[in-house]
1. Would you be able to tell me the number of residues in the range 53-80 that are surrounded by 21 or more Cβ atoms within 10 Å (Cβ to Cβ) and free of Cβ contacts under 8 Å to residues at least 60 places away in the same chain?
2. Do we have residue 217 as touching a strand residue (DSSP E or B) at 6+ places or on another chain (Cβ under 7 Å), on the phi < 0 side of the Ramachandran plot and either open to solvent by 30 Å² or more (accessible area, probe 1.4 Å) or of a type in the set (Gly, Ala, Ser) (or both) here?
3. Return the only residue of 244, 253, 169 being away from the ligand (no atom under 13 Å from the Cβ), over 25 Å from residue 32 (Cβ atoms), touching a helix residue (DSSP H, G or I) at 6+ places or on another chain (Cβ under 8 Å) and open to solvent by less than 50 Å² (accessible area, probe 1.4 Å).
4. Assess whether residue 49 counts as being touching a helix residue (DSSP H, G or I) at 6+ places or on another chain (Cβ under 8 Å) and more than 12 Å from the ligand (Cβ to nearest atom).
5. Starting from residues that are of a type in the set (Asp, Glu), in contact with a strand residue (DSSP E or B) (Cβ under 8 Å, 6 or more places away or on another chain) and more than 14 Å from the ligand (Cβ to nearest atom), keep the ones in the range 1-40 and report whichever is nearest to residue 100 (Cα to Cα).
6. Out of (1) in contact with a strand residue (DSSP E or B) (Cβ under 7 Å, 6 or more places away or on another chain); (2) in a loop (DSSP other than H, G, I, E, B); (3) open to solvent by less than 20 Å² (accessible area, probe 1.4 Å), the odd one out for residue 43 is which?
7. Could you tell me whether residue 147 is in contact (Cβ under 8 Å) with a residue 24 or more places away in the chain, in a loop (DSSP other than H, G, I, E, B) and under 17 Å from residue 213 (Cα atoms)?
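The values are calculated or read from the model by the stated rules, or taken from the named source; none is laboratory data. Here the structure is a predicted model, which is why all the values come from computation and not from measurement. Cβ coordinates were reconstructed from backbone atoms using ideal geometry, including for glycine residues, and neighbour counts include every protein chain displayed. Note: accessible area is taken over every heavy atom of the protein model, side chains too, but ligands, DNA and RNA are not part of it. Shrake-Rupley method; radii C 1.70, N 1.55, O 1.52, S 1.80 Å.
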Amino acid sequence: MQNFFVKTHGLGNDYIVLNQDDMSFELTRKAIVRICDVHFGIGSDGILLKVPSDKSEFGLRILNPDGSEAEKSGNGLRIFAKYLYDYGFATKKIFSIETPGGLVKAEIIEEKNGKAFRIKVDMGKAIFESKRIPVKCENEECIGETLKLVDREYEINCVSVGNPHCIILKDELNEDEIKTYGSEIENHEMFPNRINVQFAKVVSPNEVEVLIWERGAGWTLASGSSSCAVACTVVKRGLTERKLTIKMPGGDLKIEIDEDWEIRMTGDVREICSGTLGAELIQDL
Ligand SMILES: N[C@@H](CCC[C@H](N)C(=O)O)C(=O)O
């Protein structure tokens, strides 16, 4: 079916999945912005585009609602894995997906009514080297460094899990604070490719509460790659064990970090609706 879409969420982080092979129009920046807008389009935290891959069974591009492209997305990967399984593209429960941020392995570990429900993704290895994140930092790793904003300073920790993250450890979490400063941090000159931002509070050796400001999307209820990045940071700083529950406004994700910084993420995904993009929605793009 031409221009068929599926909208699915992982803990309230919602994506529209499209298949490049079935599309009658080009997914330009203007098209992405319109489709992701809740008033002029369907509304979502981004678009997941199924593309061919010569390195892997499936290829995925991740588009943010501002039209920019992300290298990786944790919730996006679980949502895409569910789509591949439920719509018959993947015939096994374990398969590989190529993203611009590296190859990952996805595994359907629980079904409900014949549909994929709980999914595990091997997200790859955490990268702490400043240059590779990238972050403009004099030290080889950007852990416990100072970020100066117009009216305040934060102690920051940076890590890439395929896409870049800036984690700020806090004693108390405040939604208004991340909504106020998220964009200034995201677009700070220290981060040449912009950055995803998390405020994180360690509540026990295996639980961390997290608020998120996503690059290219803003405030979101949950983020898989953010959960992985926070988990790597709190382990790196010796604050927790390596098996963690990350608690976000939209729900919980389970993260495991190996001794060599390989990351595994497990969580639920649910389909919201499916249909065909309206002809008038995709006009004039
Ligand atoms: N929601 C995602 C992250 C999506 C990409 C991010 N906005 C970026 O630009 O890196 C997740 O669940 O990881």
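1. 3
2. Numbers: touching a strand residue (DSSP E or B) at 6+ places or on another chain (Cβ under 7 Å): no; on the phi < 0 side of the Ramachandran plot: yes; either open to solvent by 30 Å² or more (accessible area, probe 1.4 Å) or of a type in the set (Gly, Ala, Ser) (or both): yes.
So residue 217 does not fit the description; no.
3. Working: 253 fails: away from the ligand (no atom under 13 Å from the Cβ); 169 fails: open to solvent by less than 50 Å² (accessible area, probe 1.4 Å).
The conditions single out 244.
4. yes
5. Ranking the candidates gives 21 first.
6. (1)
7. no
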